[in-house]
Amino acid sequence: MLRGLRSLPVWAVLSVIVSACGGGSESDLTTSPAPSPSSAPAPTPAPTPTPQTSPVPVETASPEPTPTPVPTPTPSPEATPIPQPTPEPTPAPTPDSTPTPAPTPEPSPDPSPEPSTCDRYDSLTIAEAADDGMNDGHGPENTIDDDLTEASRWSSQGDGKALTLTLNDIGEVKRVLSAWYQSSERVSYYDIEASVDGESWNTLVSNGQSASTQWTSDDVSDADARYIRIVGHGNSVNDWNSLIEVDVLGCGDTSPAPAPTPTPEPSPTPTSEPTPEPSPDPTPTPGGNSPIPTSITNSELWDLEGETPHPLVDDYTLKFVPLEARVTTPNGNGWRHEYKIASSQRIAMTDTYEDFQATATVDLSTGGKTIIAQHHAGGTGTIMKLYISDSSESGFDDSVAANGIFDVYVRIRNTSGVEEKKALGTIESGDTFSFRVINNYGLVRVSAFGESLEVEVEDDSDSYFKFGNYLQSQYPQGNVKCGEPGNSDSFAACYDEIGISEATVTMTNVSYERIEFGQSPTPEPTPSATPEPSPSATPVPSPTPAPGTAQYPSDLMDNYNQWKITYPDGVEDKTLYQESNEYFYVNDEGNGIVFFAPIRSSNGTTPNSSYIRSELREREEDGSKDIYWTTDGKHVVYSKQAITHLPIVKSHLVATQIHGNKEEGIDDALVLRLEEDHLFLSFNGGKLRDDLTIKTDYALGTIHEVMFEVIDGKHYVYYSEDGNLASAYANGDASEYLVKDGSNDYVMDLSYGESYFKIGNYTQSNPDREGDYTDVPDNYGEVIVYDFWVDHQP
């Protein structure tokens, strides 16, 4: 029986020029000590349960680090001279007055293979990352997911714990880049080993230690390898080995022959569940976790267009405001506020490796359009542009002018001079997202929202990279330019006419790295193969709920009066007794409520949303009015559910959420969200804190249990697919199901009011997003809920 509410008494500058990096975000809004989460009440009203005891992080003594000499600056890479093969010996003629047949020369041994050389670095494809299984839930796969947030890391406790990387093929490894957890606050110690066969290992780096910037770069002296093993020796604070991301650079793959996957080095089995890694209490940093690299803000490498105001707001934040800076260039089509590579430092893209990453928050008036990153040619043309645009330009996810939905897309001019373009995603004003731009010696890749475009480009010797906020002077309908190039006053008039009063791009977690080989002959680029997406893993399902006899959803609700529902046509229904329709009905097995939300042209929405839902909202127990509670006390929502279908174009859906006071800037305070197969926790669209991944391979139809628990502002989340969460929580022993982020059991510490729970199906799409797929029968979101309850205690 579903239960209702019961009111009872949560990269180094390898370059000879520059090295700097960004990082992830802190786990919580505050760093106060976490209380132990409390147990859930039994399904029927009961006295307040004894608080559940969760493991208390114990900070162990710091390991005695092996003394390490001060690192010697790495010299600029130089091409290794190609040895000349030993000439094949010529047989000496035999003197003979009578001509005789020439003897057959003795075969010479084949010359030694010419060693491979290269004057560039490629990112070698890492097929797999593995450990011995003894991690704290932050698994090895996190180190190769292109995610530099701290939540996406590998963590394993103990000296000698190893991360093993399997390359796609044997390659000539030149450099290993590693991003270590909390690298600005502590030093991590490690060795790096290499193997061709997974059995015999050579030490490439001994007594390595992480840099204070996020990326640490280790030169490994051109070793052929199929396997790279990073052996951790703890850090300067404790004996944990926590690695956020790894990249292996070298020269193409030298052997296509597959090799067996090595068995990870065994390590002692811990006597108890791994202790969550403690984090020191750093001073909270505004915006991002890593300082803006001084190589950007105080360097001969970069020029700044717009000193007033200076974009450096604080050590961690850059804010670009062209409406205030009002910088105009002779050929520009709008005001700009940007950093660009200085003219004295420009070099052909085909002679340079660059990696730029940032997290951007975009506040832009409806109908606005801006460029936040670009590769500019030596003249007035551009090679790559990353746009944020609320215009009618076709071919993107939204492509509707001035509707408040901004397309994020990229355009790259290829070697034939043809511009290729790709939609990466959409945002609304105020939203935050992360992006990455890599120029791998003329092979450019731009990524965001899990999407990317990779194009080989041809450019001149004076190309350069720019980032910031280049506000376009352009009408949103038809992409017609307004104003006159270089005429600042004309841009002001244009913006006024369109209604552009806000155009701010704030960047945090900024990093830029550059490796150059001077004006050497341009090598033929070897495009990196883009791996095919892996199919979603087949989950181990929780026990299938037993068939039931319910005919109406209310049969599966203990108190149907305390809930109301909003349907996809926008209608709200407060009387759910024996209510059943195409949006809200019992499944064929009679044991679950189906929340069905088709994307149709006839859809309606609630006043403060543009998305389609079939979703319950909690009310007072007697159904007399909507319920509102504060984060004081204890508040729990539990749901056993399965997300079974997603919209076609924008395949996003929210299944469970806590809604807060929108006037306080807290709307969807905490939600369980699925995008394609990425299941994660979102905190008001990333405005309250960074998103937190639960799993990256959720398969539609997987039955799971989720619980949100708020105790005096601390938000705890439990997740399970084995069917045992509810009973474990009731028994005060659900700590193994806690979704953890770093050392804290809670995922956010924040107080707010006017809160309520919502359960069901809130698709993050609508007819505008789905376009021609609107009204297609198979275009819908669907969630089945098998059990749910809420509990509020003072």
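The values are calculated or read from the model by the stated rules, or taken from the named source; none is laboratory data. Here the structure is a predicted model, which is why all the values come from computation and not from measurement. Here Cβ is always computed from backbone atoms with ideal geometry, including for glycine, and neighbour counts include all displayed protein chains. For accessibility, only protein heavy atoms count, side chains too; no ligands or nucleic acids. Shrake-Rupley method; radii C 1.70, N 1.55, O 1.52, S 1.80 Å.
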Note: among Ser183, Ser242, Ser156, Ser200, just one is open to solvent by 10 Å² or more (accessible area, probe 1.4 Å) and closer than 26 Å to Asp691 by Cβ, namely Ser183
When Thr350 is evaluated against the numbered criteria (1) at pLDDT below 90; (2) assigned to a loop (DSSP other than H, G, I, E, B); (3) of a type outside the set (A, V, I, L, M), which criterion, by number, is the only one it fails? (2)
Being in contact with a Ser or Thr (Cβ under 8 Å, 6 or more places away or on another chain) and on the phi > 0 side of the Ramachandran plot is the requirement here; does Ala358 meet it? no
Scanning the range 717-773 residue by residue, those in contact with a Leu (Cβ under 7 Å, 6 or more places away or on another chain) and among the small types (Gly, Ala, Ser) turn out to be Ala734, Gly760
Gly368 passes all but one of the listed conditions (1) of a type outside the set (A, V, I, L, M, F, W, C); (2) crowded, with 24+ Cβ neighbours inside 10 Å; (3) touching a Lys or Arg at 6+ places or on another chain (Cβ under 8 Å); the exception is number (3)
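This table checks each residue for (1) more than 30 Å from Pro140 (Cα to Cα); (2) of a type in the set (Ser, Thr, Tyr); (3) at pLDDT below 95; (4) open to solvent by 20 Å² or more (accessible area, probe 1.4 Å).
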residue: Pro607; (1), (2), (3), (4): yes, no, yes, yes
residue: His635; (1), (2), (3), (4): yes, no, no, no
residue: Ser639; (1), (2), (3), (4): no, yes, no, no
residue: Val671; (1), (2), (3), (4): no, no, no, no
residue: Asp677; (1), (2), (3), (4): no, no, yes, yes
residue: Thr696; (1), (2), (3), (4): no, yes, yes, yes
Output for Cβ contacts, cut-off 7 Å, separation at least six or different chains, first residue within 21 Å of Asp626 (Cα to Cα) in the range 648-664, second aliphatic (A, V, I, L, M) and outside any strand (DSSP E or B), reads Gly660/Ile666
Residue within the range 592-599 that is open to solvent by 60 Å² or more (accessible area, probe 1.4 Å) and either of a type in the set (Ser, Thr, Tyr) or assigned to a loop (DSSP other than H, G, I, E, B) (or both) present: no
Do we find that Val785 is aliphatic (A, V, I, L, M), under 24 Å from Phe595 (Cα atoms) and open to solvent by 20 Å² or more (accessible area, probe 1.4 Å) in this structure? no
Go over the candidates Tyr762, Tyr716 one by one and state the one that is assigned to a strand (DSSP E or B) and under 30 Å from Ser392 (Cα atoms). Tyr762
Looking for something at pLDDT 85 or above, farther than 23 Å from Val747 by Cα and among the hydrophobic types (A, V, I, L, M, F, W, C) - is there at least one such residue anywhere in the range 156-164? yes
Only strands (runs of 3 or more DSSP E) wholly contained in the range 404-511 count here; list those with 2 or more residues that are aliphatic (A, V, I, L, M) and under 21 Å from Phe356 (Cβ atoms). 405-413, 419-428, 432-440, 443-448, 451-456
Of a type in the set (Gly, Ala, Ser) and either modelled with pLDDT of 95 or more or crowded, with 16+ Cβ neighbours inside 10 Å (or both): does that describe Ser534? no
Based on this model, can you work out whether Ala162 counts as of a type in the set (Gly, Ala, Ser) and open to solvent by 30 Å² or more (accessible area, probe 1.4 Å)? no
Reported set for the range 729-763 where residues are buried (at least 24 other Cβ atoms within 10 Å of the Cβ) and aromatic (Phe, Trp, Tyr) is Tyr729, Tyr746, Phe757, Tyr762
Is it the case, given these coordinates, that Ile405 is surrounded by 23 or more Cβ atoms within 10 Å (Cβ to Cβ) and among the β-branched types (Val, Ile, Thr)? no
Boolean, Val237 is under 28 Å from Ser295 (Cβ atoms) and open to solvent by less than 20 Å² (accessible area, probe 1.4 Å): no
Any chance Glu428 is surrounded by fewer than 16 Cβ atoms within 10 Å (Cβ to Cβ), more than 30 Å from the chain's Cα centre (by Cα) and not small (Gly, Ala, Ser): no
Please specify each residue of the range 131-146 satisfying the condition of being charged (D, E, K, R), modelled with pLDDT of 85 or more and over 18 Å from Tyr737 (Cα atoms). Asp131, Asp132, Glu141, Asp145
From (1) in contact with a Pro (Cβ under 9 Å, 6 or more places away or on another chain); (2) in a strand (DSSP E or B); (3) modelled with pLDDT under 90, pick out the condition that doesn't hold for Arg229. (3)
Among the residues of the range 314-347, count how many are in contact with a Pro (Cβ under 8 Å, 6 or more places away or on another chain), assigned to a strand (DSSP E or B) and open to solvent by 20 Å² or more (accessible area, probe 1.4 Å). 2
Breaking point among (1) more than 20 Å from Gly781 (Cβ to Cβ); (2) in contact with a strand residue (DSSP E or B) (Cβ under 7 Å, 6 or more places away or on another chain); (3) buried (at least 19 other Cβ atoms within 10 Å of the Cβ); (4) not aliphatic (A, V, I, L, M), for Asp690: (2)
One residue is enough: does the range 581-597 have a residue meeting the conditions small (Gly, Ala, Ser) and touching a helix residue (DSSP H, G or I) at 6+ places or on another chain (Cβ under 6 Å)? no
Unique residue being among the basic types (Lys, Arg) and open to solvent by less than 10 Å² (accessible area, probe 1.4 Å) when the list is Lys421, Lys466: Lys466
Can you say whether Ser217 is in a strand (DSSP E or B), of a type outside the set (A, V, I, L, M, F, W, C) and over 27 Å from the mean Cα position of the chain (by Cα), as far as the supplied structure shows? no
Residue count for the range 707-735, restricted to those that are of a type in the set (A, V, I, L, M, F, W, C) and under 22 Å from the mean Cα position of the chain (by Cα): 1
